[in-house]
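Right, one structure below, let's go through it.
The values are calculated or read from the model by the stated rules, or taken from the named source; none is laboratory data. The structure presented is a predicted model; accordingly, all values stated were derived computationally and were not measured. Positions of Cβ are backbone-derived with ideal geometry, glycine not excepted, and every protein chain shown enters the neighbour counts. Note: accessible area is taken over every heavy atom of the protein model, side chains too, but ligands, DNA and RNA are not part of it. Shrake-Rupley method; radii C 1.70, N 1.55, O 1.52, S 1.80 Å.
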Amino acid sequence: MPNLIIDIGNTRIKSALFTEGEVVWEESFSSLEKAKPIWGMHDFSNCLISSVRWNEDELRRELDFDFHFLTKSTPLPIQNGYATPETLGLDRLAAAIGGWQLSKGEATLVVDLGSCMTFEIVNDRNTYLGGAISPGLEMRAKAMNQFTARLPLIEVGKKPESHLGDSTKSCMQSGIWYGIAFEIMGQIQAYRAEFPEIKVFVCGGDAQSFESLAKDHIFVVPNLVLHGLNCILNHNVE
């Protein structure tokens, strides 16, 4: 039977069923109350929950099925070489593991486009090394609005029609979108100098805005964290 994977974030609850490493069903929810009856309709053998909103005891009181709960002590399929593992977010590790699994153990770079943009490296010796963190799309837009007197708060997400902005709004949209796109490509180039055969995966809420970056050895997989969580679950039950 499939694995049920649940990733509870601050605003959304993402869930998926995996059979032999492939997603066979996926759905997001705004609340636990909406999710529970849908999960109850599915048959699954094992479940892993990652949560930043509720702890394990709270979820065991709410849910009528057994599950594994992801913590910093959960055994992982890769080594963690981070200098401060106690400060490393589990979502970053899960994204890195998802990319590592899909690359079949080759050197992997995962670019996660969420509130912050993170870069995660797993080398070809199956060790997570770290990477980089910088502001994401909406954070850049809000910063320009909040830290200036006259710049408006603009919508971001879509690739601008032109790299050359001809108004304040379009200049800001160009600066934000292409700033992130060029940062991604610059980071890839820098990491490839050390890991020439590295495979790159782009994921996260804003990943689809940068699908145009997809080409040889660069893959856009928005639900990569769920893949990583499924890999962690399999590591703990097999």
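Kindly indicate whether Phe18 is within 12 Å of Leu226 (Cα to Cα), surrounded by 15 or more Cβ atoms within 10 Å (Cβ to Cβ), in contact with a helix residue (DSSP H, G or I) (Cβ under 7 Å, 6 or more places away or on another chain) and hydrophobic (A, V, I, L, M, F, W, C). For Phe18, the condition - within 12 Å of Leu226 (Cα to Cα), surrounded by 15 or more Cβ atoms within 10 Å (Cβ to Cβ), in contact with a helix residue (DSSP H, G or I) (Cβ under 7 Å, 6 or more places away or on another chain) and hydrophobic (A, V, I, L, M, F, W, C) - is met.
When only residues in segment 126-148 that are under 13 Å from Phe195 (Cβ atoms) and in contact (Cβ under 8 Å) with a residue 40 or more places away in the chain count, which is farthest from the chain's Cα centre (by Cα)?
First, the residues of segment 126-148 that are under 13 Å from Phe195 (Cβ atoms): 127, 129, 131.
Filter once more, keeping what is in contact (Cβ under 8 Å) with a residue 40 or more places away in the chain: 127, 129.
Details: Thr127: 18, Leu129: 17 Å.
Restricting to residues being under 13 Å from Phe195 (Cβ atoms) and in contact (Cβ under 8 Å) with a residue 40 or more places away in the chain, the top hit is Thr127.
Scanning segment 167-187 for residues that are surrounded by fewer than 18 Cβ atoms within 10 Å (Cβ to Cβ), hydrophobic (A, V, I, L, M, F, W, C) and more than 20 Å from the chain's Cα centre (by Cα) turns up just one, Cys171.
Ala207 satisfies every condition listed in (1) at pLDDT 90 or above; (2) among the aliphatic types (A, V, I, L, M); (3) closer than 25 Å to Lys14 by Cα except (1). Taking the conditions (1) open to solvent by 20 Å² or more (accessible area, probe 1.4 Å); (2) at pLDDT below 95; (3) not β-branched (Val, Ile, Thr) in turn, Ala190 satisfies each one other than (2).
Pairs meeting the criteria (first residue in segment 56-82 and on the phi < 0 side of the Ramachandran plot, second residue part of a loop (DSSP other than H, G, I, E, B), beta carbons under 6 Å, at least 6 apart or on different chains) are Ile78/Asn126; Tyr82/Leu88. Suppose the filter is more than 21 Å from Ala95 (Cα to Cα), touching a Ser or Thr at 6+ places or on another chain (Cβ under 8 Å) and open to solvent by 50 Å² or more (accessible area, probe 1.4 Å); does Leu164 pass it? Yes: the conditions hold for Leu164. For segment 44-53, give me each residue that is at pLDDT 95 or above, more than 13 Å from His235 (Cα to Cα) and open to solvent by 30 Å² or more (accessible area, probe 1.4 Å). Passing the criteria: Phe44, Ser45.
For segment 112-133, which residues satisfy the criterion of being under 17 Å from Phe210 (Cα atoms), in a strand (DSSP E or B) and open to solvent by 30 Å² or more (accessible area, probe 1.4 Å)?
Pass one, segment 112-133, residues under 17 Å from Phe210 (Cα atoms): 112-119.
Next cut, in a strand (DSSP E or B) only: 112-113, 116-119.
Once the filter is applied, which keeps residues that are under 17 Å from Phe210 (Cα atoms), in a strand (DSSP E or B) and open to solvent by 30 Å² or more (accessible area, probe 1.4 Å), segment 112-133 yields only Cys116.
Of note, Phe44 does not satisfy the criterion of being farther than 20 Å from Gly98 by Cβ and hydrophobic (A, V, I, L, M, F, W, C).
Screening Ile38 on (1) assigned to a helix (DSSP H, G or I); (2) surrounded by 14 or more Cβ atoms within 10 Å (Cβ to Cβ); (3) in contact with an Asp or Glu (Cβ under 7 Å, 6 or more places away or on another chain) shows it passes everything except condition (2). Taking the listed residues Phe201, Phe210, Phe219, the one that is of a type in the set (Phe, Trp, Tyr), open to solvent by less than 70 Å² (accessible area, probe 1.4 Å), touching a residue at least 40 places away in the same chain (Cβ under 8 Å) and in a strand (DSSP E or B) is Phe201, with no other qualifying.
Take the conditions within 23 Å of Asn80 (Cβ to Cβ) and either among the basic types (Lys, Arg) or touching a residue at least 24 places away in the same chain (Cβ under 8 Å) (or both) and apply them to Ile180. Does it pass?
Working: within 23 Å of Asn80 (Cβ to Cβ): no; either among the basic types (Lys, Arg) or touching a residue at least 24 places away in the same chain (Cβ under 8 Å) (or both): yes.
When the stated conditions are applied, Ile180 does not pass them.
Candidates are the residues of segment 59-111 that are within 14 Å of the chain's Cα centre (by Cα) and charged (D, E, K, R); the one that is most open to solvent (accessible area, probe 1.4 Å) is Asp91.
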